[in-house]
Amino acid sequence: MPVNVIITGRSRSFPKDVPPMPGSGTVLAGTAAADVISGAAKAGLDFVAVELNNECLGHHIGLDADPITARIVGFARFRLGTADPSNLIELVSMDWTDEDAVAAAKAAFEGGGFVVACCADRPGRIVNRLIRPYFNAVLRRLDDGLASAADMDKTLMLGLGYPEGPNALLARTGLADHHEVSAVLEGALGDNDFTPARRAQIAWQRASK
């Protein structure tokens with residue numbers, strides 16, 4: 001039996017077609033996914049997976065253990081700005097989430113051809129928690145005049161084997177989007193490493209006009 005996928009508005013994870021996924025569960029995606037969590041959770045399926053943007057799963061189901069929400073997990077298909085979504089699914093669970101539900105959701109996404117990384121319900125999850133300080137550090141060194149964007153990118157590509165330099169990557173996928181994610185994490189974590197660099201601040205201000 002395929003997983004029931006309900007798209008409720010624009011979805012960052014599934015902007016186009018959704019691949020079939022095997023299993024007894026429901027995947028809720030899109031901007032209004034949270035509005036139908038309660039009904040889906042009462043359907044008695046193996047799991048309910050709700051799409052997350054920059055918010056935590058606890059924002060939707062609370063932080064206290066509850067039998068009704070114990071089979072609800074969060075997910076985010078990593079996507080950098082305007083780039084196409086990657087093949088990585090970050091699967092989010094609470095300390096008290098039913099382990100069988102996590103396993104069922106993981107199997108369903110993997111059955112749809114995705115690579116799944118499981119993580120706790122923390123701001124930024126795995127990827128954004130690691131890469132946003134790195135991007136900000138690069139942008140600040142560019143603001144400081146350490147080197148040109150092209151030379152920085154060339155150095156990192158040759159020295160670390162990156163296929164694309166960070167400045168070119170951010171220019172291609174959107175500095176304003178980087179600002180949005182970094183600002184959310186700065187507010188949630190109170191960590192200056194997530195403070196958007198000046199170039200990202202200006203890009204966001206210009207995009208907001």
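The values are calculated or read from the model by the stated rules, or taken from the named source; none is laboratory data. Note that the structure is a prediction, hence the values are computed from the model and not measured. A quick note on method: Cβ atoms are made from the backbone with ideal geometry, for glycine too, and the neighbour counts reach across all protein chains shown. Accessible surface areas use protein heavy atoms only, side chains included; no ligands, DNA or RNA. Shrake-Rupley method; radii C 1.70, N 1.55, O 1.52, S 1.80 Å.
Tabulated values for the structure
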| read-out | value |
| --- | --- |
| Estimated FRET transfer efficiency (Ser24, Leu63; beta-carbon r; R0 25 Å; 0.05) | 0.40 |
| Estimated [θ] at 222 nm from DSSP helical runs (n ≥ 4, -39500 (n - 2.57)) normalised by residues in the chain, nearest 500 | -12000 deg cm²/dmol |
| Segment Ser208-Thr155, extension gain: residue separation times 0.36 nm, minus the distance between their alpha carbons | 15.8 nm |
| Estimated Rh, the range 4-120: Kirkwood, alpha-carbon pairs, angstrom | 13.9 Å |
| Carbon/sulfur fraction of accessible area - the range 4-120, other protein chains in place, 1.4 Å, % | 52 percent |
| Convex hull projection area averaged over all views, the chain, Cα basis, nm² | 12.5 nm² |
| Modelled label reach - Glu55, point 7 Å along Cα→Cβ, the range 83-122 residues with backbone N closer than 20 Å | 90-97, 119-122 |
| For the range 127-208, average projected area of the Cα convex hull in nm² | 5.3 nm² |
